[in-house]
1. Between residue 90 and residue 116, take the C-beta separation as r, use R0 = 41 Å, and let me know the FRET efficiency to the nearest 0.05.
2. Roughly how far apart, in whole Å, are the Cα centres of segment 34-104 and segment 11-28?
3. Taking N as the number of residues in segment 86-137, what is its Cα Rg relative to 2.2 N^0.38 Å?
4. Would you mind ranking 125, 81 by Cβ crowding within 10 Å, fewest neighbours first?
5. Quick one: order 25, 98 by neighbouring beta-carbon count within 10 Å, fewest to most.
6. Full-extension gain between residue 30 and residue 75, please, as 0.36 nm times their residue separation minus the C-alpha to C-alpha distance.
7. Give the relative contact order (percent, whole number) for segment 2-89; include only Cα pairs under 8 Å separated by 6+ residues.
8. In terms of the ratio Rg/(2.2 N^0.38 Å) built on C-alpha atoms, what value belongs to the chain?
């Protein structure tokens, strides 16, 4: 199931990039990010209420609150940078560089989460980085 959801995520992310590139034309990138964020907020809370998960909010630990807030701040910073990059650059170049997040995630997961970093992981990171360079140069 995780693979199907991950593939759907990739498809929606691709749609996000194309739709954003068209929609951001003539719009301040910060304003566009704020509009997109409001849509995401409404959609996310809609899913919370649709699945009746709102009662769980009182059970969230202080540690989880802190890290969810930090994650939200990182997401906001990412989106602000991404929309500005899309506004001034080609989607075909911005998106591959944005996907370097896969390499950074693997490195950070190894350093901070002590996840296994294998030869296969290293090879994948090298190939992703090399592919990104080929696409943007």
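All of the numbers you see were taken from the coordinates with simple rules; none came from a lab. Nothing here was measured: the structure is a model prediction, and the numbers come from that model. Methodologically, a virtual Cβ is constructed for each residue, glycine included, from the backbone with ideal geometry; neighbour enumeration extends over all protein chains shown.
1. With a Förster radius of 41 Å, E is 0.70.
2. So the two Cα centres are separated by 15 Å.
3. 1.29
4. 81, 125
5. Listing 25, 98 from fewest to most nearby Cβ atoms yields 25, 98.
6. In short, 14.8 nm is gained.
7. Dividing the mean separation by the residue count of segment 2-89 yields 58 percent.
8. That ratio works out to 1.22.
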